[in-house]
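Got a structure for you, questions after.
The values are calculated or read from the model by the stated rules, or taken from the named source; none is laboratory data. None of these values were measured; they are calculated from a predicted model. A quick note on method: Cβ atoms are made from the backbone with ideal geometry, for glycine too, and the neighbour counts reach across all protein chains shown.
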Amino acid sequence: MVDNSGDISESGEPMKAEISGVVPGSIAEDLGLVEGDCLLSINGMSPVDLIDYGFFIADEYVELEVEKRNQERLIFEIEKDVDDDLGIIFEKGTFDGIKRCKNKCIFCFVDQMPSKLRESLYVKDDDYRLSFLYGNFITLTNISEKDLERIKKLHISPLFISVHTVDEGKRCQMLGNPKTGDILKKMKELVAAGIEMHTQIVLCPGINDGKELEKTIFGLAELWPGVKSLAVVPVGITKFQKNKYLRVFRSQEAREIIGNVSRFQAFFQKENGSNFVYLADEFYLMASCEIPPYDHYEGFPQIENGVGLSRLLWHDFVQAAKNLPRAINCPCRINMVTGRSAEPVLKPIVERINRIENMTVNLIPIKNQFFGSTVTVAGLLTGSDIVFGLTQWRREQKEERPMIFLPSVMLKHEEIIFLDGLTLEDVEKALKVRITVVEPTGEGIIKKILEVTSEKLAEV
């Protein structure tokens, strides 16, 4: 355990962890803690993040120092089982700010965004704590010896590491930072301490592909099983990108990458019993190749990287589709909006739903006007893209009261705002339509289908 007692903020005051809520029926609720209160210390130690918080409360006796919303400071003495949680909810995983990224990566998506978007969209973190807590990828370029010691001492594992290349000179070039250091040296140190890692390569044509990709894959494979997995994802390019050396992959190039990585996977399966390296679904879609089977992804360790997302969606949909009716009593038409790359993924799902008598689902792939046509994923469509695309679609269809399904990935987490600042209500008013937000999972799609059909029946 790390002793952070006496930690203070830049103002000289004890560090404060603002409480955003409490779990109903929890110890925190019994204590009368509410949103807006601040946790100052646990047993005399000020937690700097959720990692500290988790360690500090793992005791049978806990003394909390809390500052109430009216600035009154209270001490609570708690006796509990070691494993009992207090039920305090924090909005942020770190209480002392975040470690910002100091790199100037040639492919950085944040640097490819226009100005005047939400301020939070321009925040680039490179914080090992957020890597552990939320699966954010970090580069290890700004990690200190103190950080490394804390990771090893508290066994903060797994971590998610952006590698891109194991060649030190090329990595300095790609990250735009002459101090990237020997990435393999740091990773070996972490592996020796029992820290597990999931890694990624953002692949750029003519820069870290070909033989360089092979070198990186096998360099990281030497650290298996400490390095549990490696995802290879294609570089994303927006119309605001200014690096003349960057471009998207061509279909033939994607096919060659699939062929090469397939051979590497066969080798690793024979050597270690694991594929180890996985390609993002985008490669298979741009190459018009079949997505690998469910078992290929070995538990889907890189699902947040878009690795196996399509296969998992299909698998979950087939399981959930057992609840679909054979027919409904009145006609129902749903228009499902998505990005262009997801069209072939959703097509078999739409075909299955359309086998229901009186049910019609229409798939509407929307072109990204905001970031440019090279950005094809649904999660980067903006409110203005939806308005533009559906305005054209409505002129052609002339449907009076269209029902629109929109995947939740287009909206800010737990909010109803798009990347460009438009709200869901703004888009509904502009289009004069009813929009239903849907979780983009097999179960989520079917759940909304059943809800809508039930509503239709109730109207009859």
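Would you please name the residue that is nearest to Ser310 (Cα to Cα), looking only at residues in the stretch 420-446 that are in contact with a Leu (Cβ under 9 Å, 6 or more places away or on another chain) and part of a helix (DSSP H, G or I)?
Filtering first and then ranking leaves Gly442.
Additional query: Select, from Ser341, Ser288, the only residue that is assigned to a helix (DSSP H, G or I) and either small (Gly, Ala, Ser) or assigned by TED's automatic domain parsing to the domain that holds Ile237 (or both).
Numbers: Ser288 fails: assigned to a helix (DSSP H, G or I).
None of the other options fit; the residue is Ser341.
Kindly indicate whether Thr391 is part of a strand (DSSP E or B), loosely packed, with under 15 Cβ neighbours inside 10 Å and either at pLDDT 90 or above or at negative phi (or both). Can you show your working first?
Details: part of a strand (DSSP E or B): no; loosely packed, with under 15 Cβ neighbours inside 10 Å: yes; either at pLDDT 90 or above or at negative phi (or both): yes.
When the stated conditions are applied, Thr391 does not pass them.
Can you tell me which condition Val307 does not meet? The list is (1) of a type in the set (Val, Ile, Thr); (2) under 26 Å from Leu133 (Cα atoms); (3) in a helix (DSSP H, G or I), and all the others hold.
Of everything listed in (1) of a type in the set (Val, Ile, Thr); (2) under 26 Å from Leu133 (Cα atoms); (3) in a helix (DSSP H, G or I), Val307 misses just condition (3).
Exactly one of these conditions fails for Ser384: (1) small (Gly, Ala, Ser); (2) touching a residue at least 12 places away in the same chain (Cβ under 8 Å); (3) closer than 16 Å to Thr360 by Cα. Give me its number.
Going through the list (1) small (Gly, Ala, Ser); (2) touching a residue at least 12 places away in the same chain (Cβ under 8 Å); (3) closer than 16 Å to Thr360 by Cα, Ser384 breaks only (3).
Given (1) of a type in the set (Phe, Trp, Tyr); (2) surrounded by 14 or more Cβ atoms within 10 Å (Cβ to Cβ); (3) in contact (Cβ under 8 Å) with a residue 40 or more places away in the chain, identify the lone condition not met by Tyr134.
Checking Tyr134 against (1) of a type in the set (Phe, Trp, Tyr); (2) surrounded by 14 or more Cβ atoms within 10 Å (Cβ to Cβ); (3) in contact (Cβ under 8 Å) with a residue 40 or more places away in the chain, the one that fails is (2).
While we're looking at this one, here's another question. Got at least one residue in the stretch 213-228 being under 21 Å from Ser288 (Cβ atoms) and outside any helix (DSSP H, G or I)?
no
Moving on to the next point. For residues in the stretch 317-358 being of a type in the set (S, T, N, Q) and within 15 Å of Phe405 (Cβ to Cβ), which is surrounded by the fewest Cβ atoms within 10 Å (Cβ to Cβ)? Working first, answer last.
Restricting attention to the stretch 317-358, the residues satisfying the condition of being of a type in the set (S, T, N, Q) are 319, 323, 329, 335, 338, 341, 354, 358.
In the following step, the residues that additionally are within 15 Å of Phe405 (Cβ to Cβ) were identified as 335, 338, 354.
Values: Asn335: 21, Thr338: 24, Asn354: 14.
Only one residue tops the list, namely Asn354.
Inspect the stretch 229-252 for any residue being free of Cβ contacts under 8 Å to residues at least 40 places away in the same chain, closer than 24 Å to Glu304 by Cβ and not in a strand (DSSP E or B) and give the result as yes or no.
For the stretch 229-252, residues free of Cβ contacts under 8 Å to residues at least 40 places away in the same chain, closer than 24 Å to Glu304 by Cβ and not in a strand (DSSP E or B): absent.
Please find, within the stretch 186-206, the residue that is surrounded by the most Cβ atoms within 10 Å (Cβ to Cβ) out of those that are over 23 Å from Lys152 (Cβ atoms) and free of Cβ contacts under 8 Å to residues at least 60 places away in the same chain. So that I can check it myself, show each step before the final result.
We begin by selecting, within the stretch 186-206, every residue over 23 Å from Lys152 (Cβ atoms); these are 201-206.
Of the ones still in play, those that are also free of Cβ contacts under 8 Å to residues at least 60 places away in the same chain are 201, 203, 205-206.
Details: Ile201: 23, Leu203: 26, Pro205: 17, Gly206: 11.
Going through the qualifying residues, I end up with Leu203.
For the stretch 438-451, check the following and say yes or no: at least one residue is free of Cβ contacts under 8 Å to residues at least 24 places away in the same chain, surrounded by 14 or more Cβ atoms within 10 Å (Cβ to Cβ) and under 26 Å from Val123 (Cβ atoms).
No.
While we're looking at this one, here's another question. Is it the case that some residue within the stretch 168-185 is in contact (Cβ under 8 Å) with a residue 40 or more places away in the chain, closer than 23 Å to Gly299 by Cα and part of a loop (DSSP other than H, G, I, E, B)?
The first filter runs over the stretch 168-185 and keeps only residues in contact (Cβ under 8 Å) with a residue 40 or more places away in the chain, leaving 170, 173-177, 180-181, 183.
After this cut, where a residue has to be closer than 23 Å to Gly299 by Cα as well, the list is none.
Among the residues of the stretch 168-185, not one is in contact (Cβ under 8 Å) with a residue 40 or more places away in the chain, closer than 23 Å to Gly299 by Cα and part of a loop (DSSP other than H, G, I, E, B), which makes the answer no.
OK, next. If you check Ser262 against the conditions, is it in a helix (DSSP H, G or I) and surrounded by 17 or more Cβ atoms within 10 Å (Cβ to Cβ)?
On the way: in a helix (DSSP H, G or I): yes; surrounded by 17 or more Cβ atoms within 10 Å (Cβ to Cβ): no.
Against the criterion (in a helix (DSSP H, G or I) and surrounded by 17 or more Cβ atoms within 10 Å (Cβ to Cβ)), Ser262 does not qualify.
Can you find, within the stretch 138-154, the residue that is farthest from Ile51 (Cα to Cα) among those that are in a helix (DSSP H, G or I) and either of a type outside the set (Lys, Arg) or out of contact with any helix residue (DSSP H, G or I) (no Cβ under 9 Å at 6 or more places or on another chain) (or both)?
Taking the stretch 138-154 first, the residues in a helix (DSSP H, G or I) are 145-154.
Now restrict to residues that are either of a type outside the set (Lys, Arg) or out of contact with any helix residue (DSSP H, G or I) (no Cβ under 9 Å at 6 or more places or on another chain) (or both): 145-149, 151, 153-154.
On the way: Glu145: 18, Lys146: 15, Asp147: 13, Leu148: 14, Glu149: 14, Ile151: 10, Lys153: 12, Leu154: 9 Å.
If we take residues in the stretch 138-154 being in a helix (DSSP H, G or I) and either of a type outside the set (Lys, Arg) or out of contact with any helix residue (DSSP H, G or I) (no Cβ under 9 Å at 6 or more places or on another chain) (or both), then Glu145 is farthest from Ile51 (Cα to Cα).
For the subset of the stretch 210-238 comprising residues that are within 27 Å of Asn368 (Cα to Cα) and of a type outside the set (A, V, I, L, M), which member is modelled with the highest pLDDT? I'd like the intermediate steps shown before the answer.
At the first step, the residues of the stretch 210-238 found to be within 27 Å of Asn368 (Cα to Cα) are 231-238.
Narrowing the set further to residues that are of a type outside the set (A, V, I, L, M) leaves 234, 236, 238.
Values: Pro234: 97, Gly236: 94, Thr238: 94.
So, considering only residues that are within 27 Å of Asn368 (Cα to Cα) and of a type outside the set (A, V, I, L, M), the one modelled with the highest pLDDT is Pro234.
Looking only at the stretch 408-428, filter to residues that are β-branched (Val, Ile, Thr) and touching a Ser or Thr at 6+ places or on another chain (Cβ under 9 Å); which one of those is modelled with the highest pLDDT?
Looking only at the stretch 408-428, we keep the residues that are β-branched (Val, Ile, Thr), and these are 409, 416-417, 423, 427.
Subset that is touching a Ser or Thr at 6+ places or on another chain (Cβ under 9 Å): 416-417, 427.
Numbers: Ile416: 86, Ile417: 91, Val427: 95.
Across the stretch 408-428, the extreme among qualifying residues is Val427.
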